[in-house]
Amino acid sequence: MTNPEIPYVKVHFRMEVEDDWPPVSVESLWAVDLGDGTVRLDNVPWFVRGVACGDVVATEADEEGVRWGGEVVRRSENCTVRLIVLRDGGSRPARQSVLNAFRGLGVDGEGIERFGMVALDIPPTADLAKVQRLLRHGVDKEWWHMEEGCVAVQWWAASAD
């Protein structure tokens, strides 16, 4: 959540759990209420697949007023990539060093102590080929495990280079 003056809402997403992953069956994300039954996601998903920060998503409220995310109405073209940081057991300094390395490539993100995870929000303006090289390098060096939670067409184009 970046601006307290904007009408933020929590949007919940149901997920299928297989082999105890993800560790939750529902994730809630901050979003900007666009006033027409849609929201613009405003944080990086930790576990939800198929959505990225900035995507516009249709929502439906249940009888208790809980808003549930549905179909993506408009893609932001951002990509969501998640890492489980292996170096130093995913410590705070290890997670921060990962975030710092990607920040230099135009990528934002955040870390969470539980699971030693980092969630990256990769905009289409980032040098996607360099981001992918760093991601692969970290996997090869066993610095982290990686999951592509949501990738855009540009991501696939850059990986063909």
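Tabulated data for the structure shown
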quantity: Amide H contacts of Val81 (H built 1.01 Å from N, under 5 Å, at least 5 apart or other chain); calculated: Leu120, Ile122, Gly149
quantity: Label-point separation, Glu60 to Glu148 (7 Å along Cα→Cβ), nm; calculated: 3.0 nm
quantity: Mean accessible surface per residue for the stretch 1-95, computed with a 1.4 Å probe while every protein chain stays in place, in Å²; calculated: 56 Å²
quantity: Accessible surface of the chain, 1.4 Å probe, proportion on carbon and sulfur as whole %; calculated: 48 percent
quantity: Full-stretch length increase - Thr125, Asp140 - with 0.36 nm per residue and alpha-carbon distance subtracted; calculated: 2.9 nm
quantity: Length gained when the stretch Ala101-Ile6 is fully extended (0.36 nm per residue, less Cα-Cα span); calculated: 31.2 nm
quantity: Contour excess over end-to-end distance, with Cα ends at Trp68 and Asp33 and 0.36 nm allotted per residue; calculated: 11.3 nm
quantity: Helix-only CD estimate at 222 nm, as mean residue ellipticity for the chain, using -39500 (n - 2.57) per DSSP H run (n ≥ 4); calculated: -6000 deg cm²/dmol
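The values are calculated or read from the model by the stated rules, or taken from the named source; none is laboratory data. Quick caveat: nothing in here was measured; it's all calculated off a predicted structure. Heads up, the Cβs are rebuilt from the backbone with ideal geometry, glycines too, and the neighbour counts pull from every protein chain shown. Protein only, heavy atoms only, side chains kept; ligands, DNA and RNA dropped before computing areas. Shrake-Rupley method; radii C 1.70, N 1.55, O 1.52, S 1.80 Å.
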